[in-house]
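Everything below concerns the one structure shown next.
The values are calculated or read from the model by the stated rules, or taken from the named source; none is laboratory data. From a predicted model like this one, the values you see are computed outputs, not experimental measurements. Here Cβ is always computed from backbone atoms with ideal geometry, including for glycine, and neighbour counts include all displayed protein chains. Calculation scope for accessible area: heavy atoms of the full protein, side chains included, ligands and nucleic acids excluded. Shrake-Rupley method; radii C 1.70, N 1.55, O 1.52, S 1.80 Å.
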Amino acid sequence: DAGVTQSPTHLIKTRGQQVTLRCSPKSGHDTVSWYQQALGQGPQFIFQYYEEEERQRGNFPDRFSGHQFPNYSSELNVNALLLGDSALYLCASSLVGANVLTFGAGSRLTVL
Amino acid sequence: DQQVKQNSPSLSVQEGRISILNCDYTNSMFDYFLWYKKYPAEGPTFLISISSIKDKNEDGRFTVFLNKSAKHLSLHIVPSQPGDSAVYFCAATGSGGSNYKLTFGKGTLLTVNP
């Protein structure tokens, strides 16, 4: 049974570009959350999606947007990339209402 | 404003001894707490959790203690094994309402020496 899968695993972009990260949740899970983990920090909540709607959003600007598809997979989009967006982006899935999240291995984004 | 704090960036213990990782929180609305373990190049893996209605939860070698009055929790690993070497994150959430997020600490790097 595959867990949470994320793609790509690594990518390099330049300032001002746009990036799309993808996530497939663990089989049976219907809720997807995205977290940003900067170097030396803990994961920070970006937003959560359930039933293709954004349920809650963390303290991130509108440059960060997302989408959830009918098959529960999700995308994270970041526009107008800044150097400070360099981080590990973690996708996590769960059943709706569950506190325990299952995380993917992450997508490492480097902005030059 | 960091609502979950892990004040020890690193901890080193000998194999077979006890590892104690600490975590403090400031938000009184938190009522569910989790510990995650993270190896390099992998995502965080859930380890153990505790609800605020309990003060202790045990799972094999891992025990989490919660002191609500002090807003403090700790993770005990007994006995520690070299494979336990990883970064440990404390996380908290509040149930109900519209809060669906986990708030994480910065993590503690545990090294278990053979």
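In the range B:75-102, what residues are modelled with pLDDT of 95 or more and open to solvent by 10 Å² or more (accessible area, probe 1.4 Å)? Listed by number, the residues that qualify are B:His76, B:Val78, B:Pro79, B:Gln81, B:Pro82, B:Gly83, B:Ser85, B:Val87. Evaluation of B:Val112 against the conditions (1) within 14 Å of chain A (Cβ to nearest Cβ); (2) over 15 Å from the mean Cα position of the chain (by Cα); (3) crowded, with 21+ Cβ neighbours inside 10 Å shows that the sole unmet condition is (1). Comparison of B:Gly16, B:Gly43 shows that the only residue that is among the small types (Gly, Ala, Ser), more than 12 Å from chain A (Cβ to nearest Cβ) and not in a strand (DSSP E or B) is B:Gly16. For the range B:74-82, the condition holds for at least one residue, the condition being that it is in contact (Cβ under 8 Å) with a residue 60 or more places away in the chain, away from chain A (no Cβ under 11 Å), outside any loop (DSSP other than H, G, I, E, B) and in contact with a strand residue (DSSP E or B) (Cβ under 6 Å, 6 or more places away or on another chain). Check whether at least one residue in the range A:72-80 is in a loop (DSSP other than H, G, I, E, B), modelled with pLDDT of 95 or more and among the hydroxyl-bearing types (Ser, Thr, Tyr), and report yes or no. Scanning the range A:72-80, I find at least one residue that is in a loop (DSSP other than H, G, I, E, B), modelled with pLDDT of 95 or more and among the hydroxyl-bearing types (Ser, Thr, Tyr), so the answer is yes. For the range B:50-59, the criterion of a residue being acidic (Asp, Glu), loosely packed, with under 14 Cβ neighbours inside 10 Å and not in a strand (DSSP E or B) is satisfied by at least one position. Might you let me know whether the range A:17-24 holds any residue that is within 12 Å of chain B (Cβ to nearest Cβ), under 25 Å from A:Thr110 (Cβ atoms), within 12 Å of the chain's Cα centre (by Cα) and not acidic (Asp, Glu)? Scanning the range A:17-24, I find at least one residue that is within 12 Å of chain B (Cβ to nearest Cβ), under 25 Å from A:Thr110 (Cβ atoms), within 12 Å of the chain's Cα centre (by Cα) and not acidic (Asp, Glu), so the answer is yes.
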